[in-house]
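Read through the structure below, which is laid out as structure tokens, and then see the notes.
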Amino acid sequence: MTIAIDKEPIRPVILIGASNLARAFPLVVNGLRAGLREPLAVLAAFGHGRSYGLWSQMLGRTLPGIVECGLWTALRKYDLDTLPPLAVIIDIGNDLVYGSSVPQLLAWIEACLERLSERRSEIALMSPPLESIDRLPPWKFELLRRAYFPMQHIGWPVLYDRVCRFQDEMRGLAKAYGIRLIEPPAAWYGFDPIHMLRRRQPDVWRELFSQWPGWDRSAPIAYPSLRESVRLRALRPAERYLFGYRQITPQPVLKQDRFTLSMY
């Protein structure tokens, strides 16, 4: 049975990422509504410091690894004969800081690609920002590591080597799945080499959305009102721990005309 709203088939949209997706989330939701004029069921897995395969903690909040979260169970509720999903995968690299090996992270990314490909998904895939990281001096890396990953003590030469090897492997993986790998230019970043500049975010997401054949390239991509942005940022995922206390939130967390949002 195909899930539908007002007898129109739903288009599942899968958003997978970490801090850059979290920072731009209201803009992303607003852009989806503008550029896809069909009923949408958005399934999103993201969060600052999010890991693809491990439980990750940031400022007292703990989230499951993306490959193990409830997004994939939720996606299976949509029959194979419904509209093919649209997907974005970004913010790949936190796991290298956490100590995961290059083969392990590749296996997690390939698991995501395989599950999405089985559903005939159109996938927009972005690599780590190697061009920006290339310009990072060791002193700045140490400063940013202490700010963003204070519990991790990986050295800059080790991490840089892993990122370079991972980038090479990612190119091969994208080619194997017939996906264009978007390699972000350094101009999208500022002093912080891993978080995109706010003024660049519309360009970044236009580039990602444009990988989908059904995306309206003339659609505006802009932040919604402050009130709507705050509301979207306050929504809770299906499962998380907050200062050690488990929180379970029924999904979807947002239901509007022709649009639902579930977070994992």
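Sorted fewest first by neighbouring Cβ atoms within 10 angstrom, MET263, MET58, MET126 come out as MET58, MET126, MET263.
Rounded to whole numbers, the Karplus 3J(HN,Hα) couplings from phi for the stretch 12-25 are x, 10, 10, 10, 10, x, 9, 6, 5, 5, 4, 5, 9, 4 Hz, using 6.51 cos²θ - 1.76 cosθ + 1.60 with θ = phi - 60°, and x at Gly and Pro. Placing unit charges on the Cβ atoms of the charged side chains and taking the dipole of the chain about its Cα centre, the candidate lying farthest along the positive direction among ILE109, LEU71, SER229 is SER229. Taking a ≥ b ≥ c as the square roots of the eigenvalues of the alpha-carbon gyration tensor, the stretch 9-263 is classed rounded because a/c is under 1.5. Counting 0.36 nm for each residue step from PHE149 to ALA219 and taking away their Cα separation leaves a gain of 21.5 nm.
For the stretch 173-232, trypsin sites (Lys or Arg not before Pro) meeting the loop criterion (DSSP other than H, G, I, E, B) and having at most 16 other Cβ atoms within 10 Å: ARG180, ARG217. Neighbour counting of Cβ atoms within 10 Å sorts the residues TRP205, TRP139, fewest neighbours leading, into TRP139, TRP205. If only the Cβ of Lys and Arg carry +1 and only the Cβ of Asp and Glu carry -1, the dipole of the chain around its Cα centre is close to 780 debye. Among 115-123, 88-96, sorting by the average number of other beta carbon atoms lying within 10 angstrom of each residue, highest first, gives 88-96, 115-123.
Laboratory data are not the source of any read-out in this text; all were calculated from the coordinates shown. Because the structure is a prediction, the values reported are computed rather than measured. All Cβ positions, even for glycine, are placed from backbone atoms using ideal geometry, and neighbour counts span all protein chains on display.
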